[in-house]
Amino acid sequence: FDHPGLILQNQNFGPGWTSTSRYRFGLERRPRVDWSFRAGYFRDPQAVSFGSQGLTGIIDPDVRYVTSGLSYRRASWQMSATNQYGAGTEVVDGRTLRKEVNSFIAELDYFL
């Protein structure tokens with residue numbers, strides 16, 4: 001604050017955030033023009049340290065995901081099915097925290 005008052009004082013709060021690098025890679029195979037099969041991997045690292053987590057914060061470990069999917073395409077529409085499975089663990093104060101995510105996605109796309 002330009003003119004700090006009694007209540008509004010300048011304070012330095014370190015949020016404990018860190019820079020994260022995310023990378024993804026995958027493969028797609030098309031044995032025919034209308035069918036495609038996909039597989040991939042990506043990492044979702046935590047950006048906030050456990051020391052800066054508050055009562056209302058979510059403790060989130062680094063999570064590594066494996067993905068798979070397939071799609072069938074016709075002239076103006078496409079159907080797709082995808083699965084994403086991710087798991088991560090962290091040890092904090094002698095306790096093991098585990099996060100596991102399993103998502104299934106179905107799509108129907110229409111092209112004009």
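Return the sequence-ordered ³J(HN,Hα) values of region 82-92 in whole Hz as given by the Karplus equation 6.51 cos²θ - 1.76 cosθ + 1.60 applied to θ = phi - 60°, using x for Gly and Pro.
My calculation for region 82-92 gives 9, 10, 10, 10, x, 8, x, 9, 9, 10, 10 Hz in order.
Extending each Cα 7 Å along its Cβ direction at Leu108 and Tyr41, get the distance between those two points in nm, one decimal.
Using points 7 Å along Cα→Cβ, the separation is 3.6 nm.
Would you pull out the residues with amide H under 5 Å of Gln46's amide H, same chain only if 5 or more places away, H placed 1.01 Å from N?
Amide H neighbours of Gln46: Asp62, Val63.
Once you list every other residue whose beta carbon is under 14 Å from the beta carbon of Thr96, what net charge do they have if Lys and Arg are +1 and Asp and Glu are -1?
The answer is -1.
A short reminder: the numbers here are calculations on the coordinates, not readings from a lab. Predicted, not measured: the structure shown is a model, and the values here were computed from it. Cβ sites come from the backbone with ideal geometry, for glycine too, and all protein chains shown count toward neighbours.
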